[in-house]
Amino acid sequence: MGKIAIYGAGGFGREVKMLIDQINEMRCKDSQLNFIGYYDDGMEAGKIVNGFPVLGNLETLNEINEPLGILVAIGNPKVKKSIVEKIRNPHIHYPTLIHPNVVIGRDEVNIGEGSIITAGCIITVNIRIGKHVILNLGCTVGHDTIIGDYSSFMPSVNISGEVVVKEGVYAGTGAKIINRCEIGEETIIGMGAIVAKTLPPKCTAIGAPAKPVKFHE
């Protein structure tokens, strides 16, 4: 397999490295992911993170001249999108990473490039997940749901059927989205919130039922 690196050497980046290790444990040697290290604008090149080097920053990444798969391990949707838009190197591609124990229905499930699906997730049927989406530990996605690009769901988020999530949504740990709701673009859903009605774009919503408490640009 080609070389692969992680952008972001923080906590979630290290968890994505763990995910790579778990995928490799289930594969034969010839098909394993060849992880080479991290890229991070907040760390000095050469620093060792759990046994692997920080290879450089965004500028370095844009200068490499060989194929490289990059996993953008950033939870904040706005920051994640900004990083992807700044990577203009034609040698870079974005693998989709799915933990071996994830349950995925056989019927009409599409997952976009660069998305990261971690251990314990369940994705049922007739679902479309966009690019660079994060489903953290133990998330569930019900039938006929659409999830927009760059959205991030923290551990144990439950999304019921026929939900539409627009681009760049962030849902905190343990949030629940009831069926047939729509979440506006760049909306933030607080930890443990229960979304029972459609939420407008660019708001922060908390509580049970979740209600917007502020709006942002």
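Of the strands (runs of 3 or more DSSP E) that lie entirely inside region 8-81, those containing 3 or more residues that are aliphatic (A, V, I, L, M) and open to solvent by less than 50 Å² (accessible area, probe 1.4 Å) span 68-72.
Answer with yes or no whether V141 is under 19 Å from G190 (Cβ atoms), crowded, with 23+ Cβ neighbours inside 10 Å and either of a type in the set (G, A, S) or modelled with pLDDT of 95 or more (or both). No, not satisfied.
Of all residues in region 18-67, those being in contact with a helix residue (DSSP H, G or I) (Cβ under 7 Å, 6 or more places away or on another chain) and within 17 Å of Y94 (Cα to Cα) number 6. Selection of region 140-160 for residues being more than 20 Å from V16 (Cβ to Cβ), among the small types (G, A, S) and without any contact (Cβ under 8 Å) to a residue 24 or more places away in the chain yields only S160.
Could you check how many residues of region 185-200 are open to solvent by 70 Å² or more (accessible area, probe 1.4 Å) and within 20 Å of the chain's Cα centre (by Cα)? Summing the residues that are open to solvent by 70 Å² or more (accessible area, probe 1.4 Å) and within 20 Å of the chain's Cα centre (by Cα) in region 185-200 gives 2.
Restricting attention to region 145-173 and to residues that are acidic (D, E) and surrounded by 18 or more Cβ atoms within 10 Å (Cβ to Cβ), the residue that is farthest from the chain's Cα centre (by Cα) turns out to be E167. Within region 115-138, identify whether any single residue is over 30 Å from G190 (Cβ atoms) and of a type in the set (S, T, Y), and answer yes or no. Within region 115-138 (the criterion being over 30 Å from G190 (Cβ atoms) and of a type in the set (S, T, Y)), the answer is no, since none of the residues qualifies.
The single condition among (1) assigned to a loop (DSSP other than H, G, I, E, B); (2) modelled with pLDDT of 95 or more that R106 does not meet is (2). Filter region 201-214 down to the residues that are over 15 Å from K78 (Cα atoms) and touching a residue at least 12 places away in the same chain (Cβ under 8 Å), then identify the one that is surrounded by the most Cβ atoms within 10 Å (Cβ to Cβ). Within region 201-214, the match that is surrounded by the most Cβ atoms within 10 Å (Cβ to Cβ) is A210. Exactly one residue out of N101, N126 is of a type outside the set (A, V, I, L, M, F, W, C) and crowded, with 16+ Cβ neighbours inside 10 Å, and it is N126.
Candidates in region 108-123 are the residues that are without any contact (Cβ under 8 Å) to a residue 24 or more places away in the chain and open to solvent by 10 Å² or more (accessible area, probe 1.4 Å); of these, the one that is farthest from T173 (Cα to Cα) is E108. Give just the number: which of (1) closer than 16 Å to G172 by Cβ; (2) open to solvent by 50 Å² or more (accessible area, probe 1.4 Å); (3) without any contact (Cβ under 8 Å) to a residue 60 or more places away in the chain does R88 not satisfy? Unmet condition: (1).
The values are calculated or read from the model by the stated rules, or taken from the named source; none is laboratory data. Keep in mind it's a predicted model, so treat the numbers as computed, not measured. Positions of Cβ are backbone-derived with ideal geometry, glycine not excepted, and every protein chain shown enters the neighbour counts. Note: accessible area is taken over every heavy atom of the protein model, side chains too, but ligands, DNA and RNA are not part of it. Shrake-Rupley method; radii C 1.70, N 1.55, O 1.52, S 1.80 Å.
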